[in-house]
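No value in this document is a laboratory result; all are computed from the given coordinates. Fair warning: this is a prediction, and the values are worked out from it, not measured in the lab. Here the Cβ is made from the backbone with ideal geometry for all residues, glycine too, and neighbour counts use every protein chain on show.
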Amino acid sequence: MIPARRRAALVVGGASGIGLATVWALQLEGCDVVVADVNVDAATAVADEFGDGVTAMGLDVTVEQSVADVMTASAPLDVVVNCAGLSIPGAIAELELSAWRTTIDVCLTGTFLVLKHAAAAIVDGGSIICVSSLNARQPGTGMASYCAAKAGVTMLVEVAALELAPRGVRVNAVQPGFVDTPLTEGVGFIPGLRQDYLDNTPLGRAGTPEDVAATITFLASDQTAWMTGAALDIGGGSHLQRYPDVLDRVRALMAPG
Ligand SMILES: NC(=O)c1ccc[n+]([C@@H]2O[C@H](COP(=O)([O-])OP(=O)(O)OC[C@H]3O[C@@H](n4cnc5c(N)ncnc54)[C@H](O)[C@@H]3O)[C@@H](O)[C@H]2O)c1
């Protein structure tokens, strides 16, 4: 008897944080995983740590040819996860256009490019998961480009879900609240801000990358076979409260005296 093919997954932005935890989780589910990241050294270190079944590739979500090349080399894929993201904070009145463009390029245009080329690389019946954010639905001061980009990501996922449904390809988003990763390390340097996040999280703690990876794995599984175009809030209930005033905390830190 010919053994069934192992499921093949691609985790974009898989070298750190939520993406790295997703590599772990999908590998435990029995997937062969490609870790693709702009930080090639970090992706290679991840693949070396896992050994068989996990391979690394360099990929920059802002460069279409780079996304296309990795998708072509990894196809056929059963699961594609896009975790690549960054945030350059700043009040709208002061934000440099270049900073706005960098966040939009990575978070929003990057998601478009991943969806565009995943459409060709994924098998009929496959699952695509994009990491959006609590900020897709909650505005935060000093986070204009990130909030706008993530709102766009959640809407892009809905459009992609409609367009790929005839092939049985499901497209869903997760909208994490505050998760301890390298991306949020800076919060710890602004007095009071981390506590603000916790005060606005009914379950009373920050998320772990594994919390989010578990939801991504759920969306990658047959347990969600009838779910597409959804955006799952995974944030300890933080979507039910308000977003911290990040700019106010930063200004207090900068104030003389
Ligand atoms: N940490 C949080 O609180 C939080 C909350 C909501 C949403 N998110 C989202 O979760 C995702 C993962 O973030 P994280 O917190 O794990 O951060 P992280 O910094 O640990 O991981 C982000 C990864 O994306 C990669 N990346 C950045 N630019 C890239 C590019 N141009 N091409 C390819 N890869 C690129 C980085 O190298 C890194 O490995 C992001 O989309 C982020 O916006 C995070």
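Would you mind putting 42-48, 212-218, 19-25, 122-128 in packing order, based on average other-beta-carbon counts within 10 Å, highest first? Mind dumping the intermediate values first?
Values: 42-48: 18.4, 212-218: 22.6, 19-25: 25.4, 122-128: 20.7.
In descending order of packing, they fall as 19-25, 212-218, 122-128, 42-48.
Please list the helices of the chain that count as membrane-span-like by this rule: a mean Kyte-Doolittle hydropathy of at least 0.5 together with Cα atoms stretching 24 Å or more along the helix axis, each helix being a complete DSSP H run.
Values: long enough: 144-164 (30 Å, 1.20).
Those that clear 24 Å and a mean of 0.5 are 144-164.
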Checklist entry - Among 162, 115, which comes first, second and so on when ranked by fewest other beta-carbon atoms within 10 Å? => result 162, 115
Next on the checklist: Positive end of the dipole of the chain, charges at C-beta (+1 Lys, Arg; -1 Asp, Glu), about the Cα centre: which of 160, 9, 107 has its Cα farthest in that direction?
Outcome noted: 160
Checklist entry - Taking neighbour Cβ counts within 10 Å as the exposure measure, how do 248, 60 sort from fewest upward? => result 248, 60
Checklist outcome for this item: Here the longest stretch of the chain that holds no trypsin sites (Lys or Arg not before Pro) in a DSSP loop having at most 14 other beta carbon atoms within 10 Å is 7-204
Next on the checklist: I want to check the label-to-label distance for residue 72 and residue 102. Put each point 7 Å from Cα in the C-beta direction and report it in nm to one decimal.
Outcome noted: 3.0 nm
Checklist entry - In whole angstrom, how far apart do the alpha carbon centroids of the range 127-155 and the range 201-257 sit? => result 11 Å
Checklist entry - Efficiency by 1/(1 + (r/R0)^6): what FRET value for residue 95 and residue 183, r their Cβ-Cβ distance, R0 = 22 Å, to the nearest 0.05? => result 0.75
Checklist entry - When 226, 100 are ordered from fewest to most other Cβ atoms inside 10 Å of their Cβ, what list results? => result 226, 100
Checklist entry - Out of 181, 140, 88, whose Cα points farthest toward the positive end of the dipole of the chain (charges: +1 Lys, Arg; -1 Asp, Glu; placed on Cβ)? => result 140
